[in-house]
Every structure is written in C-alpha cells, then in structure tokens.
2 protein chains.
Amino acid sequence: MITTKSITNLKKLVKKVKKTGKTIGFVPTMGALHEGHLSLIDRAKKESNYLIVSIFINPLQFSPSEDFKRYPRNIKIDKKTLKEKKVNLLFYPQTDKIYNPDFSTFVEETKLSKKLCGKSRPGHFKGVTTVITKLFNIINPDLSYFGQKDYQQALIIKKIVRDLNFAVKIKIAPTIREKDGLALSSRNLYLSQKERKESKSIYQALLQAKQMIKNNEKNPKKIINQINKIMVSNSTASIDYIAIRDANNLEEIKEIKGKVFIGIAAYFDSLNGEAAGKTRLIDNIIVES
Amino acid sequence: MITTKSITNLKKLVKKVKKTGKTIGFVPTMGALHEGHLSLIDRAKKESNYLIVSIFINPLQFSPSEDFKRYPRNIKIDKKTLKEKKVNLLFYPQTDKIYNPDFSTFVEETKLSKKLCGKSRPGHFKGVTTVITKLFNIINPDLSYFGQKDYQQALIIKKIVRDLNFAVKIKIAPTIREKDGLALSSRNLYLSQKERKESKSIYQALLQAKQMIKNNEKNPKKIINQINKIMVSNSTASIDYIAIRDANNLEEIKEIKGKVFIGIAAYFDSLNGEAAGKTRLIDNIIVES
C-alpha cells in the first residue's frame, strides 16, 4: 500500500493509474475505521481495480461546540487495517494542506442539506460537500462509496455530483450493526457502558416502526409517537429528531407511501446530563411500503 | 468544428480526446463574440492542441434587475466565427440542461467575491463560480482562458481552482480595446452614439492614473480623485466605483506599492437618465509601481 500526505504526489500517482485504464474506487473516511468502513472497502474492491482510501478529519464539518478535538484518531491501527485489506493507496493529508490559511471557497447544497441533521448541525453539510469536492477533484475517482447510516449525507453527495457534473458514480452501502443492532459509528466509543446498553433502543425503535408499516399503518405521526415512546422508556437519550420522510428527497410526507426514510438522531451524555450532550448518534432504515 | 448541446455527448467526446493525450484548451463565453474573445481563442490555440469554446448565457450570474433578457445573442454569426478560427468543439448547452428544475448546489468564493463588482452585483460571482465549476467538471480542460477586463472574475476563478483543487491551469489574457481605448465588451452594443463617445473617458482616466503613478504619486486617494474628475467632466456616466487595490488580492491599500489594480465601473444610460442605468461598463489596468 502506498501512503501519501501530499496532494501533488497523489495527483501524479492518480494520473499514472488513469493511464493504465484502471477503474478507481474511492472511500473517503475520517479514520477510526470500523466494520462499517471495511464493508465499503470490500465493496469498492469488488467493483474497481484501484482502491484509494482517504483519512482526513475535516474540521470544516464540525461546529466549534462539536467533537472535532476528541474525535478518535487511530492512524497506526488504521494503516495496518488498510494494508491487510490490500488497499492500493492511502491518502492522509495534513489539515493545513487541505485548507490554506486564506481558504475561501465553499460548495453548498441548499435544499436537502437544510433538513434533519442540517438543522441541528448548521454548516455541517457545507463542510462535507466542500471537502468531498476537493477530494473528488484531487482523486478523480470513477466510483465512490458512502454508508447508508449517513443517508442524508449520501443523498446530498449524490445531489452535488448531479448538480455540478462530477464524473464519479456514488454508491450507497448498507449500514453495518453490532449484534444488538446499534449502527457502527466511530462515535460509539464515546458511550458509557450504560449508554451503550441503552443505545440499542434506536434500532429497536426503527424495527418496530418498520413492523407498523408492514402492518399497514399509514400515519407517520402514529409511528413517530411509537418510536418516541420506545426511545423514552428505554434510554436516557435526549431526542434530536424522529423523522419519517420521502426517501428520495427527505421531504415531509402525510401518508406512508413508496420508499420511506425513517430516521432518528439522539444525544447521549452520561457525563453531565446536559440535554444537548456529547454523543450524537444517528440511524435510519429505508422501508418500501 | 463539432457542435454539441449535449453534456453526455460532450463528456464522451472529451474522453476520446483525453485518451489521445492531447492538451485541452477551454474558452468559456456568453457568445456575442468580439475581438476580446478571439484573442483568448488565438492564445488557447497556441498553447493547447484541442480547443473547446462554450457559449452559454448563464442566468445564475444575472440578478433579476440585470440584462439577462437583452444580453446580445448572435449564435449564427458566432458559429461562423468559431469555424473560421478552427475551434475543434463548440459546446452550446440549453439552460434547462445546465440547471435542472431542482438544481440546488452552489460554489461560492467568500472573500474576493465580496469586493468591488461583487458589492454592486450580489450573487453575480456565485453564479460565475457555480457555472465554471460545472463546465470544468464536464470538460476537464488542461488550460482555461479569461480576459483581464474581468480581472476580479479571473482572480476569483484562480482562487476556486486553488481552493477546490481543480486540475486546470488558468490563463489571463490582455484586454483588447477599440481604437479610442474602450475595452471590448458585448455590452458596448447597448451604448448610444453619445455614450459610445463618452465611454472612452474610462480608459483615458486609467491612463492618466498610470501616468500619475509613473510620476511617483503614492497616494491612492489623489489618483482616485483625478480619475473621478476626468470621468465626471467627460461623460454622463454615473460611477459605481473607482478603486486602487493590491493586484494580488484586491485589498485596499494606503500607499501605491508593488503591483496595483486600478479599476473603474460606471453605468451609462441615455434611455431615461436613471442613476443605476442600463449599461454597466468596467475596465482596469494593472500598474507595477
């Protein structure tokens, strides 16, 4: 595996690979790799013949009050993992090489990115779309992989690719879960033992919502109420949102119909019991009604 | 010359050309081609071996009160001109193919674009940088050419290329002028005979400013006053701005030093005498002091 921190060097390497006609797969990550990332890598390996992974904790997508500083960093272990996975190239840039001191250009999606997580984390998706634009321009991949756990992010990436005519094809891969159903996330490391136990209620609530739809419940409000009940009675988490939306555009719906997104965002915080606490977890399922 | 309206088709053509290893030069235009555009095309032909010109009047860079509707359209003549110039490919897309009805992604430079023309035309540069990002992603040129007349625009394009890591190299070509000094612009067509005569005062004022600097004038305010005097006494134009700035970043300067930008923007309007009238002309020179 080649490892490079240099944008210039990476561009040169990519140019060489492109000349051989190989299909470049790209998995952007913030490191602290878990089975969720590895499933993206496995899929990318199958569908491309040169695999690039980036590790970059993007400060632009964290607000000042968020967890940029304590976000888990395990570069040594990550490198070992990626080598074992036979990734071809690891791009591991320094922050000040991605953002020059006078950096002043931003890419913003203005509809999808204002909903759900975008409401709770203003500027977050603008940070994501800006860094992804940069990475796409540097790497020029044929395929790029995103996890369904961050469904809204994946939809937004698809949207900027379409709106700005990027040549890359975006693939969304299924959420990987712990045995008890908790969606894998680097942020799960923040949870106390008690919170970790409680956190499985998120997926349990999603499954119950799915069951309600299978049982022909058509009223999103009733389902949201039920999710809320499960969350409240099984965890100390404070809920950011529980949402049932059109899975294509995350627009609100009055009736369950077609492909439906069911999403939950909740804050866990055993440290000091503040409402908007330290660990924000999200999860979702897509249900065809 | 190949002419295509189709993005998909253009992408295919570009892919073929790329495979031959040719250097792609790209001149984006809004049509109504004049000697200014042709000088960009001549330069691009020299420095590349496959030349693409686009003609697209970008609605996103006009505010509702501006001249989008009456902007000159001469596609037949333009095509003939480009053929004679032996341009390889003309990209002439339809508006609704560039902007889908649900288009929602924008590229914005946030420092340079807030100054000078950006102040008078809010949203203008955001429209420019968004469409240029799209064109760069579609065409993937090695070189792209912009005129010095739109100096601020050219600087902003250079900035987004650097900030977002586009692979293209930006070239700025000298302003082409009428015999009396008026900078060529498609908007010159809007001028009445009287205004056309008066409009030469813009360049005359710029030349006098240059002379003052050569004569060792160090105070920007004195030079600006002199430009203002010339403009007021030789034309009915209402002045939008007269600016002397650091040519690298368009920051204000207290003393003439190094490479200096001297710019003028003025409105001409013989139709009804309104202050913020119909024809906005800009011009500039760069002076090394």
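Bear in mind these aren't lab numbers, they're just calculated from the coordinates by the rules spelled out. If you're wondering where the values come from, they're calculated on a predicted model, not measured in any experiment. Don't worry about glycine lacking a Cβ; one is built from the backbone with ideal geometry, like all the others, and counts go over all protein chains shown.
Observations, loosely collected:
- Volume of the Cα convex hull of chain A, divided per residue and given in Å³: 134
- Using a 7 Å projection from Cα along Cα-to-Cβ, the label point at B:LYS16 is separated from the same position in the remaining copies by 3.1 nm, smallest value first.
- For segment A:2-173, the Kirkwood estimate of the hydrodynamic radius, built from every pair of different alpha carbons, is 16.4 Å.
- Count of Lys pairs (Cα-Cα under 20 Å; at least 8 positions apart or interchain) in segment B:210-289: 23
- Selection of trypsin sites (Lys or Arg not before Pro), segment A:230-259, meeting DSSP coil and at most 14 other Cβ within 10 Å: A:LYS254, A:LYS257
- Using alpha-carbon coordinates, inclination of helix B:75-84 to the longest axis of chain B, degrees: 80
- Sorted from nearest, the other copies put their A:ILE2 label points 3.0 nm away, the label point being 7 Å from Cα in the direction of Cβ.
- Top positive-direction residue, dipole computed over segment B:1-143 with Cβ charges, set B:PRO93, B:PRO72, B:GLY123: B:PRO93
- Other-copy label distances relative to B:GLN208, 7 angstrom Cα-Cβ extension, nm: 8.1
- Residue with peak Gaussian network fluctuation, chain A [Cα springs, cutoff 10 Å], from A:VAL87, A:VAL17, A:VAL128: A:VAL17
- Loop-resident sites, segment A:49-122, for chymotrypsin sites (Phe, Trp or Tyr not before Pro), counting at most 15 other Cβ within 10 Å (DSSP): A:PHE68
- Counting only other chain Cβ atoms within 10 Å of each residue's Cβ, the peptide B:105-114 averages 6.
- Principal-axis tilt of helix B:220-234 within chain B, Cα atoms, nearest 10 degrees: 90
- Here the protein assembly as shown is assigned +1 on the Cβ of each Lys and Arg and -1 on the Cβ of each Asp and Glu. Its dipole about the Cα centre then comes out at about 1880 debye.
- Of all chain A residues, the one whose Cβ lies closest to the rotation axis that maps A onto B, given with that distance rounded to whole Å, is A:VAL107, 3.
- Annotation for segment B:145-250: GluC sites (Glu not before Pro) lying in DSSP loop with at most 14 further Cβ atoms inside 10 Å of their Cβ do not exist.
- A:ILE242, B:ILE157 arranged by Cβ crowding within 10 Å, fewest neighbours leading: A:ILE242, B:ILE157
- Between 0 and 90 degrees, the angle of helix A:193-214 with respect to the longest Cα principal axis of chain A falls at about 70 degrees.
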